[in-house]
Amino acid sequence: PLIAALGHATAGTYMLLRDSLNDGRSFGKKAQGLTVRTPDGSPCSKEQSARRNLLLGLPYFVAALFSLLGIAASVFPPLAFLVALAGSGIAFLAALPAIYELCQVAFLDANGRRVMELRESCYTVEA
């Protein structure tokens, strides 16, 4: 469980910061010839990237927390019931990234820019 918690935390950190790393090009964006930029053309900062990707990274941190709670439940068995009860909410949290992406794809403005990006200070553009 500790290795799982570290893996989930690492994946969550990557999901949050991926638009500020490698000149704004995550693996998927690089493969598609895209990058993330601010309106003035500069790279996205770590803070902007974390704000932009919060819903995508959140389920990984929740999974890391539940991995750690699993360790605690093995030491303190009454905690196991609470872990199992709260675990039912993980399915919803795991679905959040897909829901977020669907909302972004479904709502485009007249210029083809995702409505969700209109609130942000970083945008996906062609490299």
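The values are calculated or read from the model by the stated rules, or taken from the named source; none is laboratory data. Note that this is a predicted model, so its numbers are computed, not measured. No Cβ is skipped: glycine too gets one built from the backbone with ideal geometry, and neighbour counts run over all protein chains shown. Ligands, DNA and RNA are excluded from the accessible area calculation, which covers all protein heavy atoms including side chains. Shrake-Rupley method; radii C 1.70, N 1.55, O 1.52, S 1.80 Å.
Observations
- For LEU34, the residues 5 or more places off, or on other chains, whose built amide H falls under 5 Å of its own are ALA127.
- Once the chain from VAL75 to LEU55 is taken as fully extended at 0.36 nm per residue, the excess over their C-alpha distance is 4.1 nm.
- Computed across the stretch 3-50, the Kirkwood hydrodynamic radius from all distinct Cα-Cα pairs reaches 11.3 Å.
- Only protein heavy atoms count here; on that basis, with a 1.4 Å probe, VAL62 has an accessible area of about 20 Å².
- With both labels modelled 7 Å from their Cα along Cα-to-Cβ, the ASP40 to THR10 distance reads 3.6 nm.
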